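The values are calculated or read from the model by the stated rules, or taken from the named source; none is laboratory data. Source: prediction; values computed, not measured. All Cβ positions, even for glycine, are placed from backbone atoms using ideal geometry, and neighbour counts span all protein chains on display. Note: areas computed on protein heavy atoms with side chains; ligands, DNA, RNA excluded. Shrake-Rupley method; radii C 1.70, N 1.55, O 1.52, S 1.80 Å.
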Amino acid sequence: MKLADRTTRIVPSPTLKVSATAKTMAAQGIDVIDFSAGEPAFDTPDFVKEAAHSAIAAGFTKYTPASGIDELKRAICDKLSRDQGIQYEPSHILVSCGAKHTLYNLAQALLNPGDEVIIPAPYWVSYPDIVRLADGQPVMLETREADGYAIDPQRLEACITPRTKALILNGPSNPTGAVYDRKTLEAVADVATRHDVLVVSDEIYEKLVYEDTPCMSIVTAVPEMAGRTLVVNGVSKAFAMTGWRIGYAAGPQALITAMANVQSQSTSNPTSISQKAAVAALHGGTQFFTELLDDLTPKRRLIVDALNAIPGLTCPTPAGAFYVFPNVSGLFGKRHANGTIASATDLAAYLLTDTHLACVSGEPFGSVNHLRLTYTPTIETIQRGLTKLKTAVQNLS
Ligand code: PMP
Ligand code: GLU
């Protein structure tokens, strides 16, 4: 069978792949420590589960409008008014099956073959392939560890061509944890406006920012940008609801309508029960975020300090999200029983095979020098993993 060319341009999500391998190893009875999966370890809050139970009991188990129920769209408008300070109407909102699906709908609705999307690197693994699946062209904008992965507006402008359709912002970032400050956002807004570029602002880690670091949406920094920005968010990370698959977008009505049409001819509505659960989550106040941050804050300190104490590794403290992105290039050239570590991908493979430690190479995130580790497991698991990592590095010669 000859498959479509587009299938040869993409790979399976590398994060989900490592995470599935770790789960398979655990099911085989292997004591694997999983730093790969990008999801909160917390259970979904009880008040959210109760809303889902009530939805089932009330028979809310049929098709809904393909773009999502009005009640949820209104809850999203309230949230965006509260947190981002922008008033959206329900007609400017699309509810999809996770923020990943939102981005997929966007690419299908926006891109013609060869259209370019600027993606600051390091980036979340799925951005380039979602663009490629729509026959678009990802254009990587380099950012540097030494600059805290800040976007340089001049370098951004140099990436723009007549084919540029959009720029993706992701703050806090997966994988670096970097956030954008107001000055950067204002400069980005200026470039995007002058060149008529859509800004896609992926704010899925918005609630996970440490130590009062200023972090805001581009539409908050520059409200006039609301007309050329697609705000993307969801309940996966903020409410520990990764499996419920609810994400959403807010933006210009013509774009939202085109995305909704793509959705109505593909998945139809996101799960009716999950939509009711998401309404409860968005009305649920801020208590849960406080608990999440109280849990993650000491874990972040522990893992950053321990990684920096391992010779050959350096690890900046991330401002947000729940990932660390240590530079492991100090280990390149070192040897183990079965080969040499020449890249972060070699190191990730060595750690998984020899020590049963699952983490993701920086390579699919756009950096061969880094490794991504998630610090959502328990403190005890993180400590055990760090001990294993230290021993594995000591065993290299
Ligand atoms: N954006 C980023 C940056 C992510 O890390 C993820 C991964 N969960 C998503 C979007 C998609 O999240 P979901 O589809 O679970 O809403
Ligand atoms: N976004 C998370 C991660 O980066 C979950 C997996 C995925 O969808 O990529 O690990």
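Does the range 86-196 classify as rounded, prolate or oblate by the C-alpha gyration tensor (a ≥ b ≥ c root eigenvalues; a/c under 1.5 gives rounded; else a/b over b/c gives prolate, otherwise oblate)?
rounded
As an exercise, use a Förster radius of 35 Å and the Cβ-Cβ distance of F42 and K62 to find the FRET efficiency, rounded to the nearest 0.05. Show your work: numbers first, answer last.
Numbers: r = 30 Å, r/R0 = 0.87.
Efficiency, rounded to the nearest 0.05: 0.70.
Give me the net charge of A277's neighbourhood, meaning all other residues with Cβ under 11 Å from the Cβ of A277; Lys, Arg count +1, Asp, Glu -1. Write down the numbers at each step before the final one.
Numbers: positive: K49, R245, K276; negative: E50.
Residues close to A277 contribute a combined charge of +2.
Ignoring ligands and nucleic acids, what accessible area does I204 show with a 1.4 Å probe (Å², nearest 10)?
The accessible area of I204 comes to roughly 20 Å².
Mean residue ellipticity at 222 nm from the helices of the chain, using -39,500 (n - 2.57) per DSSP H segment of n ≥ 4 over the full residue count, to the nearest 500 deg cm²/dmol?
So the calculated ellipticity at 222 nm is -12500 deg cm²/dmol.
Taking a ≥ b ≥ c as the square roots of the Cα gyration tensor eigenvalues, with a/c under 1.5 meaning rounded and otherwise prolate when a/b beats b/c, else oblate, which class fits the range 181-285?
Judged from the Cα gyration tensor, the range 181-285 comes out oblate (a/c at least 1.5, b/c at or above a/b).
Among I273, I69, what's the order by accessible area (1.4 angstrom probe), most exposed first?
Result, largest first: I273, I69.
So if I take the centroid of the Cα atoms in the range 259-273 and the same for the range 291-351, what is the distance between those two points in Å?
Comparing the Cα centres of the range 259-273 and the range 291-351, I get a distance of 39 Å.
Quick check for me: using +1 on Lys/Arg Cβ and -1 on Asp/Glu Cβ, what's the dipole size of the range 264-319 about its Cα centre, in debye to the nearest 20?
Details: 4 positive and 4 negative charges, 23 e Å.
My answer is approximately 120 debye.
Taking a ≥ b ≥ c as the square roots of the Cα gyration tensor eigenvalues, with a/c under 1.5 meaning rounded and otherwise prolate when a/b beats b/c, else oblate, which class fits the chain?
prolate
For R163 paired with D354, estimate the spin-label separation in nm (one decimal), with each label point 7 Å from Cα along the Cα-to-Cβ line.
Each label point lies 7 Å from its Cα, and together they span 4.2 nm.
Ordering M1, M25 by accessible area with a probe of 1.4 Å, largest first, what comes out? Write out the running numbers ahead of the final one.
Working: M1 210, M25 25 Å².
From most exposed to least exposed: M1, M25.
Heavy atoms only, probe 1.4 Å: what % of the accessible area of the chain goes to carbon and sulfur, would you let me know? Display every interim value, and only then the final one.
On the way: 8920 of 16710 Å².
Reported share for carbon and sulfur atoms: 53 percent.
Please give the solvent-accessible surface of D202 in Å², to the nearest 10, using a probe radius of 1.4 Å with every protein chain present.
Surface accessible to solvent at D202 totals approximately 10 Å².
Would you rank K73, K276 by solvent-accessible area, highest first, keeping every protein chain in place and using a 1.4 Å probe? Display every interim value, and only then the final one.
Working: K73 25, K276 55 Å².
Largest to smallest exposure gives the sequence K276, K73.
Can you compute the label reach from E291? Point 7 Å from Cα along the Cβ direction, backbone N cut-off under 12 Å, restricted to the range 235-257.
Once the point is set 7 Å along Cα→Cβ of E291, 239-240 turn out to lie under 12 Å by backbone N, inside the range 235-257.
Net charge near A178: determine it from the other residues with C-beta under 12 Å of the C-beta of A178, scoring Lys and Arg +1 and Asp and Glu -1.
Result for the neighbourhood of A178: -2.
What size of dipole, in debye to the nearest 20, comes out for the chain about its Cα centre when the only charges are +1 on Lys and Arg C-beta atoms and -1 on Asp and Glu C-beta atoms? Walk me through the numbers before you get to the answer.
Details: 34 positive and 39 negative charges, 169 e Å.
Taking the Cα centre of the chain as origin, the dipole is about 820 debye.
Not counting ligands, DNA or RNA, and with a 1.4 Å probe, what is D212's accessible surface area in Å² rounded to the nearest 10?
About 150 Å², rounded to the nearest 10.
So if R0 is 45 Å, what FRET efficiency would R182 and R335 give, r being the distance between their Cβ atoms, rounded to the nearest 0.05?
Details: r = 47 Å, r/R0 = 1.05.
After rounding, the FRET efficiency stands at 0.40.
Tell me, what is the per residue accessible area of the chain in Å², probe radius 1.4 Å?
It amounts to 42 Å² per residue over the chain.
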